[in-house]
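Inspection log for the structure reproduced underneath, given as structure tokens.
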Ligand SMILES: [Zn+2]
């Protein structure tokens, strides 16, 4: 059974107005985001595709991966993409004590130097949101509008492509993963989706402080 929704329901956006779910609907801009990297093969693949479309994107990095793959991390930054914090060890907020969660966030923050944060699995407690914002007042917590499901190994690459194309609209924040698990789908979907969106007049921007 599918345990996630591709399109974020409006009700959830209303319940958590302090989180960011999408952007201005007036411009034909898409915000591609890539979680869980940087790692060999997959992150360089993504960088290459983005370059082909002159696209900028946002990479929510796991601190531990940054310490292991400093050269790939440097390449992401050098290409002009935006970096976001995704904790040091990819902690699930709902299962983690608040003080441990904050420490793990800070450990990643010391490496990543960013005001953007995405909670792993999208699971974060209200008490943790409060702590993080006290720690870093300019912090923007970025959720999403479209979850590609690229991490779902039961999902065919074709179906994954249909999902993202169907649900994306101007201002959408779309989640992909630069991870081994997602690669079979990502490798198929990303170039095809970007081709369709480009022909449709979309441009691709990174998230920034203005959100
Ligand atoms: Zn993640």
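Taking only pairs six or more apart or across chains, which ones have beta-carbon atoms under 7 Å, a first residue in the stretch 45-72 that is under 22 Å from residue 115 (Cβ atoms), and a second residue that is at pLDDT below 95 and within 13 Å of the ligand (Cβ to nearest atom)?
none
Mind listing whichever residues of the stretch 105-116 are buried (at least 20 other Cβ atoms within 10 Å of the Cβ) and farther than 17 Å from residue 38 by Cβ? Quick ask: steps written out before the conclusion?
Within the stretch 105-116, the first condition is being buried (at least 20 other Cβ atoms within 10 Å of the Cβ), and the residues that meet it are 105, 108-109, 112, 114, 116.
Scanning the stretch 105-116 gives a single hit, 105.
Inspect the stretch 170-190 for any residue being outside any loop (DSSP other than H, G, I, E, B) and surrounded by fewer than 16 Cβ atoms within 10 Å (Cβ to Cβ) and give the result as yes or no. Full working, then the answer.
Residues of the stretch 170-190 that are outside any loop (DSSP other than H, G, I, E, B), as a first pass: 173-177, 183-190.
Remaining after also requiring surrounded by fewer than 16 Cβ atoms within 10 Å (Cβ to Cβ): 184.
Yes, the stretch 170-190 contains a residue that is outside any loop (DSSP other than H, G, I, E, B) and surrounded by fewer than 16 Cβ atoms within 10 Å (Cβ to Cβ).
When you go through (1) within 30 Å of residue 98 (Cα to Cα); (2) surrounded by fewer than 16 Cβ atoms within 10 Å (Cβ to Cβ); (3) at pLDDT 95 or above one by one for residue 209, which number turns out not to apply?
(3)
I want to confirm something. Restricting to the stretch 115-131 and keeping residues that are in a helix (DSSP H, G or I) and more than 16 Å from the ligand (Cβ to nearest atom), which single residue is nearest to residue 97 (Cα to Cα)?
To start, the set of residues in the stretch 115-131 that are in a helix (DSSP H, G or I) comprises 120-122, 126-131.
Within this subset, residues satisfying the condition of being more than 16 Å from the ligand (Cβ to nearest atom) are 126-127, 129-131.
Working: 126: 12, 127: 10, 129: 13, 130: 14, 131: 12 Å.
This residue is 127.
Spot the failing condition for residue 150; the list is (1) in contact with a helix residue (DSSP H, G or I) (Cβ under 7 Å, 6 or more places away or on another chain); (2) in contact (Cβ under 8 Å) with a residue 60 or more places away in the chain; (3) part of a loop (DSSP other than H, G, I, E, B), and only one is missed.
Checking residue 150 against (1) in contact with a helix residue (DSSP H, G or I) (Cβ under 7 Å, 6 or more places away or on another chain); (2) in contact (Cβ under 8 Å) with a residue 60 or more places away in the chain; (3) part of a loop (DSSP other than H, G, I, E, B), the one that fails is (2).
Here are some conditions: (1) away from the ligand (no atom under 16 Å from the Cβ); (2) surrounded by 16 or more Cβ atoms within 10 Å (Cβ to Cβ); (3) farther than 24 Å from residue 11 by Cα; (4) within 14 Å of the chain's Cα centre (by Cα). Residue 140 meets all but one. Which one does it not meet?
Among (1) away from the ligand (no atom under 16 Å from the Cβ); (2) surrounded by 16 or more Cβ atoms within 10 Å (Cβ to Cβ); (3) farther than 24 Å from residue 11 by Cα; (4) within 14 Å of the chain's Cα centre (by Cα), the lone unmet condition for residue 140 is (3).
So that you can scan it fast, the table gives a plain yes or no per residue for (1) surrounded by fewer than 21 Cβ atoms within 10 Å (Cβ to Cβ); (2) within 16 Å of the ligand (Cβ to nearest atom):
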{"residue": "41", "(1), (2)": "yes, no"}
{"residue": "51", "(1), (2)": "yes, no"}
{"residue": "58", "(1), (2)": "no, yes"}
{"residue": "74", "(1), (2)": "yes, no"}
{"residue": "77", "(1), (2)": "yes, no"}
{"residue": "94", "(1), (2)": "yes, yes"}
{"residue": "99", "(1), (2)": "yes, no"}
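Among the residues of the stretch 1-34, write down those that are touching a helix residue (DSSP H, G or I) at 6+ places or on another chain (Cβ under 8 Å), within 16 Å of the ligand (Cβ to nearest atom) and not in a loop (DSSP other than H, G, I, E, B). First the steps, then the outcome.
Just the residues of the stretch 1-34 that are touching a helix residue (DSSP H, G or I) at 6+ places or on another chain (Cβ under 8 Å), to begin with: 6-7, 18-19, 21-22, 30, 32, 34.
Then keep just the ones that are within 16 Å of the ligand (Cβ to nearest atom); that gives 19, 32, 34.
Passing the criteria: 32, 34.
I want to confirm something. Restricting to the stretch 170-211 and keeping residues that are within 17 Å of the chain's Cα centre (by Cα) and farther than 24 Å from residue 80 by Cα, which single residue is nearest to the ligand (Cβ to nearest atom)?
That would be 181.
The values are calculated or read from the model by the stated rules, or taken from the named source; none is laboratory data. From a predicted model like this one, the values you see are computed outputs, not experimental measurements. Note: ideal-geometry Cβ built from the backbone for every residue, glycine included; neighbour counts use all protein chains shown.
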